[in-house]
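Please treat every number below as a calculation from the coordinates, not as lab data. Model, not experiment: these values are computed from the prediction. Heads up, the Cβs are rebuilt from the backbone with ideal geometry, glycines too, and the neighbour counts pull from every protein chain shown.
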Amino acid sequence: MKKLLLILLVAAVFMPVLALAAPVGKITGLTGQAYMRVKAGVPYTPVAKGTAIATGTWIKTGPKGWVELTLNDKSTFTLANNTEFEVTSFLLTKNKREGTFNLAGGKLRASVVKFGGRQSGMTVKSGTAVAGIKGTEFLMLSQGQANVFFGNEGTVAVSGDGKSGQQPLTSATYVQNTRGLPPGEPVKVDQGTPLAEAKGIFDGVTAAEPPKEWTDSGKIVDICARWNINHGHYLADSGKYQEALNVFQIALDLTKVETVRADAHMERGAVYARFLSNPELALAEYLLVLEEYPKLPQAEFALFNAAQTLTEMGFNEQAKLRFEQYLKMYPQGTHRSNAETLLNGIGK
């Protein structure tokens, strides 16, 4: 009798743990470097095709790694290279399906099967975005604080916090956000555009078979960042000034390409100066360009704009120094004549 009670006690203690560890899917495809860990905070170890995956498991791919994870409901997550992903939770019963997944960084394709009208709630999160999904397929990229989404099928509700400001991601559309802010309105992905080029690469690196080369995978963020410079122009010209500022910030958060980053700072400065009457923030953007990218062509315009902004703010001595600096550094500069005129007019 005592032995029976002891067995029941041990079972009561360990059965919940075993239940939590029950597999919710398995690795059905793998090439290159791929790793897993059973929970956060422990080292990664190599993973093999066929490995069962439980909730709490993290999966990570290397520079040439590719993984396909198939859940028990036949939904799949395809992870491209340099991706880190967590199966936070997943519950599947006859009448209910719930799952939460965390994209810590990288690129994935989510192909979630329909659940026949039964209760279903599936969510893919990054640190700064939430995608609510049912039966759908979409692409998601998380780069630092920025997030990019391309729709393939069905509808995904994209938001910054999972509660407000949701935007619908549908087939052949693009949605993006950064820093937990509400995403901008969906943009149609037209053929022959930079967004179509980025989506084509994205489709390729998360396809049913991995690409032979991974060179193009890193281009996605840079293409989207460059596109945002033009898109921000359009938004500013349309009177959507805060949306334009957010788009330029997304460009900054997506890319390390210095010319694109310098352009984004210059455009943010222009919005603050021309449309929002905020010379302090405009000046901050121009000074960032001068400090971080002094050898780029944008530095000439940043220096002139900084001097002009200082004049408007009434800081005449500082403005004078900046105009003199401009004329010395760019004797044949685009704004030479204006700089001389404004310099001569200081204090008069």
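For Rg/Rh (Cα atoms, Kirkwood Rh), several values are listed as (1) 0.96; (2) 1.13; (3) 1.02; flag the one computed from this structure.
Calculated Rg/Rh (Cα atoms, Kirkwood Rh): the matching label is (2).
Arranged from highest to lowest average of other beta-carbon atoms within 10 Å per residue, in what order do the peptides 95-102, 79-86 appear?
With the highest mean Cβ count within 10 Å placed first, the list reads 79-86, 95-102.
Taking the alpha-carbon centroid of each part, what is the distance from the stretch 233-268 to the stretch 116-157 in angstrom?
When both Cα centres are located, 24 Å separates them.
Alpha carbon centre of the stretch 161-203 versus the stretch 307-348: separation in Å?
42 Å
Each residue of the stretch 142-155 in turn: what ³J(HN,Hα) in whole Hz from Karplus with 6.51, -1.76, 1.60 and θ = phi - 60°, glycine and Pro shown as x?
So the J values, rounded to whole Hz, are 10, 10, x, 9, 9, 9, 10, 10, 10, x, 10, 7, x, 10.
Using modelled backbone amide H atoms (1.01 Å from N, in-plane), which distant-in-sequence or interchain residues come within less than 5 Å of residue 335's amide H?
Distant-sequence amide H within range of residue 335: zero hits.
List every residue whose amide H lies under 5 Å from the amide H of residue 65, counting only residues 5 or more places away in sequence or on a different chain, with H placed 1.01 Å from N in the peptide plane.
Excluding prolines and chain starts, which carry no amide H, the hits are 33, 82.
Do the sum for the chain: with -39,500 (n - 2.57) for every DSSP H run of n ≥ 4, divided by all residues, what is the mean residue ellipticity at 222 nm, to the nearest 500 deg cm²/dmol?
After summing the helix terms and dividing by the residues of the chain, the value is -12000 deg cm²/dmol.
Quick one: what are the phi-derived ³J(HN,Hα) couplings along the stretch 86-92, Karplus 6.51/-1.76/1.60 with θ = phi - 60°, whole Hz, x for glycine and proline?
Karplus-based 3J(HN,Hα) across the stretch 86-92 equals 10, 8, 5, 7, 7, 10, 9 Hz.
Using the Karplus equation 6.51 cos²θ - 1.76 cosθ + 1.60 (θ = phi - 60°), what ³J(HN,Hα) coupling, rounded to whole Hz, does each residue of the stretch 79-84 give in order, writing x for Gly and Pro?
Result, ordered by residue: 9, 7, 5, 6, 10, 10 Hz.
Based on the Cβ-Cβ distance from residue 94 to residue 157, what FRET efficiency comes out when R0 is 25 Å, to the nearest 0.05?
0.50
Return a whole-number percent for the relative contact order of the chain, with Cα pairs under 8 Å and 6 or more residues apart as the contact set.
Once divided by the residue count of the chain, the mean separation gives 8 percent.
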